[in-house]
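No lab work stands behind these numbers, since they all come straight from the coordinates. Because the structure is predicted, anything quoted here is derived from the model rather than measured. Using ideal geometry, Cβ is built from the backbone for each residue, glycine included, and neighbour counts are taken over all protein chains shown.
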Amino acid sequence: MGTPVWPADSGIKAIVLDFDKTITVKHTTGAIFQTAMLDDKNIEINFADLDFFRRVAPVICENGKLCIATFADDAEEALLSDEQIIAWNPENRSMNPKVVGKNLHLEELRKVLGLKKNQMVLFDDSNKNIVLAKKKGYAAIDVPEPVRAEDSDAVTGGFNEDAWKTFLVEQAQTKKASGGCTLL
Ligand SMILES: [Mg+2]
């Protein structure tokens, strides 16, 4: 597997990843406070596709910003949040996550990074979050929930090569629809 391709002339400047069940296979609630969960082996085995992540991260960082938008409790928020990691739960701010989705997380990132909505793409395993983000004008890719095979460590779904391909195809279609010319 080679180096993932960046969508040429897409104008995308930030890849925003959901964390649980997009980057990871299993939900990680509370894991950050259990030191036994934090050795490299446990972290690596929980990646949906560690090999792809290692290949795509440098490509993203060369072309834009790699960000995370995750629902997290207050203690996790205090530990994790920074310019490119937005970690808080709408419920803790008296908002319904089913109504706001990740849109306020995206808005925070957009302001900090000084970007337009169509320069950002959200990858998330929650279809609800994807639908809400698209309604607001963000690009968004619905990532199939990761599933580990019973008889091997193979994982399907999650943030992997297939999700990236879906992103490339959607960007090409967006470009076509907006009248951009494509070199054949
Ligand atoms: Mg998720």
Of the residues in the range 1-28, those that are over 17 Å from the mean Cα position of the chain (by Cα) and within 17 Å of ASP124 (Cα to Cα) number 0
Helices (runs of 4 or more DSSP H) contained entirely in the range 1-117, each with at least 1 residues that are within 16 Å of the ligand (Cβ to nearest atom) and surrounded by 13 or more Cβ atoms within 10 Å (Cβ to Cβ)
50-63, 74-80, 97-100, 103-113
Given the condition under 19 Å from PHE47 (Cβ atoms) and of a type in the set (S, T, N, Q), answer yes or no: does some residue in the range 125-139 qualify?
yes
If I go through the range 146-164 residue by residue, how many of them are surrounded by 15 or more Cβ atoms within 10 Å (Cβ to Cβ), closer than 25 Å to LEU66 by Cα and of a type outside the set (S, T, N, Q)?
8
Residue pairs within 9 Å by beta carbon, gap of at least six or interchain, first lying in the range 123-152 and over 13 Å from PHE167 (Cα atoms) and more than 11 Å from the ligand (Cβ to nearest atom), second among the polar types (S, T, N, Q) and part of a helix (DSSP H, G or I), listed first then second, are LEU132/ASN103; ALA133/ASN103; LYS135/ASN103; LYS136/ASN103; GLY137/ASN118
If you go through the range 120-153 one residue at a time, how many are of a type in the set (A, V, I, L, M) and out of contact with any Lys or Arg (no Cβ under 7 Å at 6 or more places or on another chain)?
9
Going through (1) surrounded by fewer than 22 Cβ atoms within 10 Å (Cβ to Cβ); (2) closer than 21 Å to VAL59 by Cα one by one, MET120 fails only at (1)
Result of the Cβ filter at 7 Å on the range 60-78, keeping first residues that are over 18 Å from GLU161 (Cα atoms) and partners that are more than 16 Å from the ligand (Cβ to nearest atom) and of a type in the set (Lys, Arg), at least 6 apart or interchain, is GLY64/LYS13; LYS65/LYS13
